[in-house]
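No lab work stands behind these numbers, since they all come straight from the coordinates. Quantities reported herein were computed from a predicted structural model and do not represent experimental measurements. Don't worry about glycine lacking a Cβ; one is built from the backbone with ideal geometry, like all the others, and counts go over all protein chains shown.
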Amino acid sequence: MHVGASSRATCGACHFKGGGGDGVKHGDLDSSLIKPDHGLDVHMDAKGLNFSCTKCHTSNGHQIEGRFYSMPATKNHKLAMPMDNPSRIACESCHGLHPHNNTPKLNDHTARVACETCHVPVFAKKKPTLVWWDWSTAGKFKEDHKFIVKKDKLGKVSYHTKKGDLGWAKNVVPEYNWFNGVVTHVLAKDTIDDSRPVRMTILHGDRNDPKSRITPFKMLRGKQVYDAGNKTLVVPKLFGPKGSGAYWKDFDWQKSVAAGQEAAGYQFSGKVGFIETEYLRPVAHMIAPKEEALSCASCHSRDGRLKKLAGFYMPGRDRSINIDRIGWLSCLALLVLVGLHGAVRFITSKGRK
Amino acid sequence: MKERKLFYTRFERFWHWAQALLIILLLITGFTIHGSLNIISFGKAVTFHNQLAWLLLGLTAFAIFWHFTTGQWKQYTPTLEKAAEVVCYYSRDIFKGCEHPIKKDVDRKLNPLQRIAYFLLKVVLFPFQVITGLLYLYSSQLGTSMEISTVALLHTIGAFAFLGFLIIHVYLATTGETVSAHFKAMVTGWEEIEVEEEPNRSV
């Protein structure tokens, strides 16, 4: 036993391995953060600031800040004065709302763009993170009835009989959404629309909500078993003795879902299917050195990172096609007009001399 | 009889060319911000565009002061007198080698069409672009009630108007005595004009 201040390895013992392995769940949290360099995270840099988790994840009455589900992780984005506000969870707690001294225009962004949006240009910089999990292909065996296990170029398992197809990625570009810090989930009793991929995380906030900011997310896409009759997500039984319905022993989704739903106390129509799902998780770690922060044109361009985020005008990305068309055509018409005028002037003046 | 006269004072020439340079650079950086050009990065274009805009505003402050203290603003009072003749000249008579219907002089530098065009440029388009530009620049400080899209689109329309003006302006500058005459005059300040001979001197 050992008693002492918690280190990154302490918290990371669980949080770096969420989802069943190193870096699987978060992408911005993995064991590379036990001893990171400056390029991986400027605050946790082992030879620099060397922040431990609790430097930002401050606690008040044993409530550790940073949990973000039904309540925002950050209640307010403002400077925290040491004596009267012990919270350090927001970037603004230390940096304030106007941290860009040399380029003040950037400070105009802080109300609507989360710091992480520009300052975490990519995540999963050292270790791959899981971005695709297709359960529908699970249950295939070798001819000798042994498990099939394949690995990809990154050395990660890309197929496993027990899990199906797995997709991994490094240096992942986040997806961006408006977000006010509140996220709720599609629950096992909720009816889903199975005609399109199910967004399991419901991000709250939008462009018109003044508390919402454009925030980066890790997207995990997948295909999972669901109740095709009742149109609900299900709780399959995965492990247990043979004959109990446990999928990893019996490899029968029908039995696995029936057993799982019964144990969890949910209905099951008896009809299973596979549904594509999407799960978004905010990205807040692996803050890059400032030279690597996104440039203006990363978003302010026709094909930038915020291409899909509609509902607001962004210079460089947006325009009125009609105004542009009329403007350029008018200028072209004027050029043609003066060109013709000049040509006629030239020809008629020749005749006079 | 022809006579060389100082048409454009040193300040006027400096104002003209500085303004020309600033407007052309504002067009280039502006259309870069708009996403139409990709010569420099978006961030640099924004910085330059704002700096150029402040320089142009500063220059304009001097120009306004100069126009009012010298009384030169009167050159721009719009008139329709002989406007029809000027239209006829540029659309027809110029091809026949006719004389310009308006005799220029230092107190009458601009023909009726120029007066109307420059008046609109200075009193309508210029302030329009300055106001939409400032609203655009300070949109986040002015609160969420202001839609940046409206301001940005109006500012874009203004930019096209400036570009259109530039095309016509540069072309018409070639219609002097020779193609380069007006350009030379705007550089040196001196222009050769036709003057009436004074009757008593011919005795």
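Look at the dipole of the protein assembly as shown built from charges on Cβ: of A:Leu220, A:Leu337, B:Gly30, the Cα furthest out on the positive end belongs to A:Leu220.
Tell me the mean residue ellipticity at 222 nm calculated for chain B from its helices only (DSSP H runs of n ≥ 4, each -39500 (n - 2.57), averaged over every residue, nearest 500).
Roughly -18500 deg cm²/dmol at 222 nm, from the helical runs in chain B.
Of the DSSP H helices in chain B, those with a Cα length along their own long axis of 18 Å or more and a mean Kyte-Doolittle hydropathy reaching 1.6 comprise B:148-172.
When the Kirkwood hydrodynamic radius is evaluated over all pairs of different C-alpha atoms of the range B:1-50, what value in angstrom, to one decimal, is obtained?
About 12.8 Å, per the Kirkwood formula over Cα pairs.
Under conditions of 37 °C and 0.692 mPa s, the range A:183-299 yields 195 µm² s⁻¹ as its translational diffusion coefficient, taking Rh as the Kirkwood radius over Cα pairs in the Stokes-Einstein equation.
Counting only Cβ charges, +1 for Lys and Arg and -1 for Asp and Glu, the dipole size of the protein assembly as shown around its Cα centre is about 1260 debye.
Would you mind ranking A:Lys55, A:Lys231 by Cβ crowding within 10 Å, fewest neighbours first? If you can, show how the numbers build up before the last one.
On the way: A:Lys55 14, A:Lys231 18.
Fewest-to-most ranking of A:Lys55, A:Lys231: A:Lys55, A:Lys231.
Using the charge dipole of chain A (Lys, Arg: +1 at Cβ; Asp, Glu: -1 at Cβ; taken about the Cα centre), state which of A:Leu309, A:Leu49, A:Val198 has its Cα farthest towards the positive end. So the residue furthest toward the plus end is A:Leu309. Each of A:Arg213, A:Arg317 was scored by other Cβ atoms within 10 Å of its Cβ. Listed from fewest to most, they are A:Arg317, A:Arg213.
What FRET efficiency comes out for A:Ile323 versus B:Lys2 if R0 is 56 angstrom and r is the Cβ-Cβ distance? Round to the nearest 0.05. Result of the calculation: an efficiency of 0.75. For the range A:108-142, list residues with backbone N below 17 Å from a point placed 7 Å from the Cα of A:Asp194 toward its Cβ? Inside the label zone: A:135-137. Taking the number of Cβ atoms within 10 Å of each Cβ as an exposure proxy, the fewest-first ranking of B:Leu120, B:Leu163 is B:Leu120, B:Leu163.
For the protein assembly as shown, pairs of C-alpha atoms spaced more than 33 angstrom apart make up 60 percent of the total. Once the Cα atoms are used to define both axes, helix A:253-264 deviates from the longest principal axis of chain A by about 80 degrees. Placing unit charges on the Cβ atoms only, positive for Lys and Arg and negative for Asp and Glu, gives the range B:2-202 a dipole magnitude near 300 debye about its Cα centre.
Dipole of the range B:2-202 computed with +1 at Lys/Arg Cβ and -1 at Asp/Glu Cβ about the Cα centre; of B:Tyr8, B:Ala45, B:Ile102, farthest Cα towards the positive end is B:Ala45. Under conditions of 37 °C and 0.692 mPa s, the range B:2-202 yields 171 µm² s⁻¹ as its translational diffusion coefficient, taking Rh as the Kirkwood radius over Cα pairs in the Stokes-Einstein equation. Out of A:Gln63, A:Gln261, A:Gln224, any idea which swings most in a Gaussian network model of chain A, alpha carbons joined below 10 Å? Per the Cα network of chain A with a 10 Å cutoff, A:Gln63 tops the list. No disulfide-compatible partner, judged by a Cβ distance under 4.7 Å, exists for the following cysteines of the protein assembly as shown: A:Cys14, A:Cys56, A:Cys94, A:Cys118, A:Cys296, A:Cys299, A:Cys331, B:Cys88, B:Cys98. Most fluctuating residue of B:Phe126, B:Phe31, B:Phe65 in a GNM of chain B with Cα springs under 10 Å: which is it? Looking only at B:Phe126, B:Phe31, B:Phe65, the largest GNM fluctuation is found for B:Phe65.
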